[in-house]
Amino acid sequence: MTRTAIRGGPGLARAGAVSLALVVVTTAAACGTTPTAPQTVRVERGTVAVKVAASGALTPVTSQNLGFQKAAKLVELNIKVGDVVTPGQVVAREDDYIFRQTLNQQAAILQQQQAQLDRLIAGVTVPNGRDSLDAAERFYDKTKKAVDEQISLAHYNERNARNAYDTALQTYYKAKAAYDACRNTIPGCINGEPAAFTAATTAANTQRIAWKTAKHNSDIAEANGGVTKANAYTLLVNARNGLRTARSDRPGSIDVQRAIVRSAAAVVALAQNDVNNTILRAPVGGTVSAITGAVGEYIGAGSGTTALSPGSDASIPGVGAAASSDAAGNAASGLSATRPGGGAFIVLNNINTFQVVVPFEESDASKVSPNQKVDVTFDAIPGLSRAGTVLALAPTGVNISGVTNYYATVILTETDPRLVAGQTAEVAVATQSVDNVLTVPNAAVLRDGGQSFVNVPGPDGKPIRTPFQPGVVGDGSTQVVSGLREGQEVQLPQVNQPPPAPAGTIGGN
């Protein structure tokens with residue numbers, strides 16, 4: 001034990017004695033005090049986000065390919081070659097009719113399942129069978145009508161495309177006949193027959209592709225429509241069965257219904273994402289150097305990926321932030337250089353930013369999709385955080401140390417003069433986020449038997465266990481769907497404090 005000698009006159013010795021006495025009195029008082037009250041926080045509105053993280057190395061970007069996530073008809077093109085675009089600028093838009101109809105259908109299913117969960121939590125029995133059957137019949141009728149409209153629209157587009165192809169084909173045959181005839185006469189083709197034949201050939205080929213695309217979309221609409229109607233009919237059958245059977249709710253049925261609601265909410269989120277992705281925004285500023293497509297044409301789905309990394313021309317790195325490129329892994333990733341039917345829809349040049357190509361394990365990669373927001377931090381620059389966006393995700397996984405990974409390209413929408421190529425970057429992708437909702441810290445949430453609780457201070461200061469219905473569970477907070485009100489106090493768990501030091505102890509050993 002280290003001992004400290006106290007030197008000086010009698011006055012100093014007396015001061016030291018008084019100081020030691022104070023330590024003894026203070027320690028003794030501490031031993032007799034009651035435990036401090038638990039810390040509390042209030043239920044507040046905020047954002048709940050679920051994030052997945054990975055690391056990679058910064059790579060400078062000079063050009064960028066843009067494309068839509070799913071195929072649809074191009075209805076708006078706001079740029080032309082040579083235009084300078086800014087980050088976030090809307091450059092193009094697809095027809096969102098089919099995507100919105102799907103979103104409305106899935107939202108209706110979610111609303112129905114949520115209502116069923118609310119009834120179960122309230123402790124009531126299965127609602128009147130006839131009312132449930134009536135609602136299911138109305139839902140089936142609306143679903144069938146919406147699906148039939150979608151299929152009818154797809155058939156209409158297919159017929160128009162076929163008619164246009166037939167017209168182009170007739171023009172082609174006429175131009176070919178004129179061209180063949182003039183070649184065998186004197187003075188030959190003097191009225192532009194070769195040019196007319198070439199133009200007619202190009203037009204016929206273009207209309208044939210448009211017809212084939214429209215026919216493919218029509219087939220998909222019929223297949224998807226059949227599945228949607230089958231799902232709605234299943235709900236109708238379930239409602240008919242419910243008319244014959246009345247059963248009480250049980251904790252098990254509540255858990256099952258919660259899972260159904262979460263599944264339906266996930267499907268709605270995917271449908272909403274499809275609607276959002278019909279609007280194409282420039283992730284970074286740059287100059288438009290190429291556009292492949294025109295308003296009225298069907299634009300194929302594709303991220304505009306290159307042969308190396310998704311969405312850019314950077315090499316895919318190995319595991320770790322600053323590892324070198326692995327050519328064999330790149331070839332195995334199955335990344336396509338172009339979208340179906342041609343090159344990237346839009347190409348931007350003169351870009352001055354960075355990107356990060358990172359591997360996500362398959363469990364995390366399933367949650368990542370283009371246009372999601374990203375927070376990027378840097379080991380070499382503590383405290384610096386920059387915003388980014390997911391540009392693309394590789395369609396095929398690669399094996400890294402026995403684990404399947406999918407590479408994603410994240411492009412920074414904000415930069416900093418301190419950033420240089422090769423620096424280690426940690427990306428956190430917000431895979432799910434809800435804004436302006438009631439939240440509580442995860443540390444305050446207790447879980448028991450599939451239910452969630454918080455401790456609320458009672459009138460006498462003692463905690464009252466209060467159940468609530470959670471929504472999205474984020475990295476640091478949980479969404480409150482019902483059961484708690486804004487501004488309500490909840491208790492945080494007490495942290496065990498170390499026991500007080502023995503009386504008279506100064507410093508350490």
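The values are calculated or read from the model by the stated rules, or taken from the named source; none is laboratory data. As the structure is a prediction and not an experimental result, all values here were calculated from the model. Cβ atoms come from the backbone with ideal geometry, glycine included; neighbour counts cover every protein chain shown. Note: accessible area is taken over every heavy atom of the protein model, side chains too, but ligands, DNA and RNA are not part of it. Shrake-Rupley method; radii C 1.70, N 1.55, O 1.52, S 1.80 Å.
Here are the numbers:
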{"item": "Kirkwood-based shape ratio for region 105-222, expressed as Rg/Rh from alpha carbons", "result": "1.47"}
{"item": "Cα-based equivalent ellipsoid, region 337-462: semi-axes from gyration tensor eigenvalues, Å", "result": "37, 21, 16"}
{"item": "Fully extended contour minus Cα-Cα distance, from ARG262 to ASN442, at 0.36 nm per residue", "result": "62.9 nm"}
{"item": "Ordering of 272-284, 139-151 by burial proxy (mean other Cβ atoms within 10 Å per residue, highest first)", "result": "272-284, 139-151"}
{"item": "Estimated distance in nm for a label pair at ASN104 and TYR233, the labels positioned 7 Å out from Cα along Cα-to-Cβ", "result": "2.3"}
{"item": "Evaluated at q = 0.23 Å⁻¹: base-10 log I(q)/I(0), Debye formula over Cα of region 391-471", "result": "-1.17"}
{"item": "ASN163/GLU362 FRET efficiency (R0 51 Å; Cβ-Cβ; nearest 0.05)", "result": "0.65"}
{"item": "Mean Cβ count within 10 Å, highest first, over the residues of peptides 439-447, 353-361", "result": "353-361, 439-447"}
{"item": "J(HN,Hα) series, region 202-210, from Karplus relation 6.51 cos²θ - 1.76 cosθ + 1.60, nearest Hz, glycine and proline x", "result": "4, 5, 5, 4, 4, 5, 5, 4, 4"}
{"item": "With every protein chain in place, region 180-295: carbon and sulfur % of accessible area (1.4 Å)", "result": "58"}
{"item": "J(HN,Hα) series, region 161-170, from Karplus relation 6.51 cos²θ - 1.76 cosθ + 1.60, nearest Hz, glycine and proline x", "result": "5, 5, 4, 5, 5, 4, 4, 5, 5, 4"}
{"item": "Anchor LYS212: lysines whose Cα lies under 22 Å away (excluding residues fewer than 8 positions away in-chain)", "result": "LYS70, LYS73"}
{"item": "Residue-wise HN-Hα coupling along region 411-420, computed from phi with Karplus coefficients 6.51, -1.76, 1.60 (Hz; x: Gly, Pro)", "result": "10, 6, 8, 10, 10, 7, x, 7, 7, 9"}
{"item": "Pairwise label distance in nanometres, ALA195 with ALA115, each label 7 Å out on the Cα-Cβ vector", "result": "6.6"}
{"item": "Rg over Rh, two decimals, region 58-154 (C-alpha only, Kirkwood Rh)", "result": "1.22"}
{"item": "Other-chain or far-sequence residues with amide H under 5 Å of LEU492's (modelled H)", "result": "GLN39, THR40, VAL41"}
